[in-house]
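A quick write-up on the structure given underneath.
The values are calculated or read from the model by the stated rules, or taken from the named source; none is laboratory data. This one's a predicted model, so the numbers in the text were calculated from it and none came from an experiment. When we count neighbours, we look across all protein chains shown, and the Cβ atoms used for this are built from the backbone with ideal geometry, even at glycine.
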Amino acid sequence: MNLDHQIMQQLKNLRLSGVLESLELRLQQAQAASMGYIDFFQLIIQDEIERREAKKLQMRLRRAAFEEEKIVECFDFSFNPKINTRLINDLATCIFIKKTEHILLYGPAGTGKTHIAQAIGHQACRLGYDVLFTKAIKLFRSLLAARADHSWEKRIKKYLAPDLLIIDDFGLCTLTSTQAEDFYEIITERHLKSSIIITSNRPTQDWVPLFPDPVMANSALDRLAHHAHHLLMEGESYRRKLMPKYSNTQNKERS
């Protein structure tokens, strides 16, 4: 069935050109099922709603700047039985964002902290929340550069605006005074307003010595700790499991 050119143009004028993607198919379905006008109209509206929601989701995922597209369902919980599966599944509901709570993920390298953080962030995007993922070192470099070109006030808003901010690999090295001030600003400004996920190889009790000023450290971390879900990720390295050598060794042991 050929759609009238005028109808196509009118849909484009109304910014409903997405309807054209499925309109011909829906017309065929409506005719085959002797569908009523209202039912057909509702079907077309639903198609447009789903298209727009999918477009919004893709925009949120792009803005989130995830390193990889990870979802909780793809995480191998059986590899590290010590991991609190129930808590992770509860956090993946993203109710913690509504409550403006935080998540602190810490443990040895390779145990899946970044995977879980991004997976929860991905689910938050699906639920309509704005998310931003950043490596800690990238965050600090960005804010340092902003101080140099006098755009710090504008740049800091990038990290204050999202419903969920994910800071990955925090605590790899001690903080400079400037980095500590920037981190403190982010924590205090987001406190009780929006959520943060932080991943670190260090346990939270080892974070205070990273700050030049212990008073500032305790003030920032006190805000985090008392409103956060603490999740220790322990066990073998999942990255090691993915290495060819490791896989070959495991296969030989089983044979």
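Just checking: which of the helices (runs of 4 or more DSSP H) contained wholly in region 1-92 hold 3 or more residues that are out of contact with any Cys (no Cβ under 9 Å at 6 or more places or on another chain) and not assigned by TED's automatic domain parsing to the domain that holds residue 121? First the steps, then the outcome.
On the way: elements: 5-13, 20-32, 37-64, 85-91.
Ranges flagged: 5-13, 20-32, 37-64.
When 109, 124 are screened for being under 20 Å from residue 227 (Cα atoms), in the same structural domain as residue 155 (by TED's automatic domain parsing) and either part of a helix (DSSP H, G or I) or of a type in the set (A, V, I, L, M, F, W, C) (or both), only 124 passes.
Okay, residues lined up against (1) surrounded by 17 or more Cβ atoms within 10 Å (Cβ to Cβ); (2) touching a strand residue (DSSP E or B) at 6+ places or on another chain (Cβ under 9 Å); (3) touching a residue at least 60 places away in the same chain (Cβ under 8 Å):
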position: 161; (1), (2), (3): no, yes, no
position: 165; (1), (2), (3): yes, yes, no
position: 172; (1), (2), (3): no, yes, no
position: 179; (1), (2), (3): yes, no, no
position: 182; (1), (2), (3): yes, no, no
position: 187; (1), (2), (3): yes, yes, no
position: 194; (1), (2), (3): yes, yes, yes
position: 200; (1), (2), (3): yes, yes, yes
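Can you confirm whether residue 91 is modelled with pLDDT of 95 or more, out of contact with any strand residue (DSSP E or B) (no Cβ under 8 Å at 6 or more places or on another chain) and farther than 16 Å from residue 169 by Cα? Criteria not met by residue 91. Within region 216-231, the set of residues being surrounded by fewer than 16 Cβ atoms within 10 Å (Cβ to Cβ) and either under 11 Å from residue 204 (Cβ atoms) or of a type outside the set (S, T, N, Q) (or both) comprises 222, 225, 226, 230.
Checking each residue of region 116-126 against the condition of being farther than 17 Å from residue 167 by Cα, among the charged types (D, E, K, R) and within 13 Å of the chain's Cα centre (by Cα) gives at least one match. Region 137-240 holds helices (runs of 4 or more DSSP H) entirely within its bounds, and those carrying 1 or more residues that are touching a His at 6+ places or on another chain (Cβ under 8 Å) and not hydroxyl-bearing (Ser, Thr, Tyr) map to 214-225. Restricting region 44-64 to residues that are under 18 Å from residue 162 (Cα atoms) and surrounded by 13 or more Cβ atoms within 10 Å (Cβ to Cβ) leaves a set whose member that is farthest from the chain's Cα centre (by Cα) is 57.
A residue that is closer than 21 Å to residue 230 by Cα and not small (Gly, Ala, Ser) can be found somewhere in region 175-184. If I ask for residues that are within 29 Å of residue 71 (Cβ to Cβ) and hydroxyl-bearing (Ser, Thr, Tyr), which ones from region 115-160 would you list? Answer for region 115-160, where residues must be within 29 Å of residue 71 (Cβ to Cβ) and hydroxyl-bearing (Ser, Thr, Tyr): 129, 134, 142, 159. Against the numbered list (1) more than 19 Å from residue 119 (Cα to Cα); (2) surrounded by 14 or more Cβ atoms within 10 Å (Cβ to Cβ), residue 33 comes up short only at (2). Among the residues of region 166-190, the one identified as of a type in the set (Gly, Ala, Ser) and closer than 13 Å to residue 135 by Cα is 171. Would you mind stating whether residue 120 is buried (at least 17 other Cβ atoms within 10 Å of the Cβ), in contact with a Gly (Cβ under 6 Å, 6 or more places away or on another chain) and within 20 Å of residue 190 (Cα to Cα)? Spelling it out, it is not the case that residue 120 is buried (at least 17 other Cβ atoms within 10 Å of the Cβ), in contact with a Gly (Cβ under 6 Å, 6 or more places away or on another chain) and within 20 Å of residue 190 (Cα to Cα).
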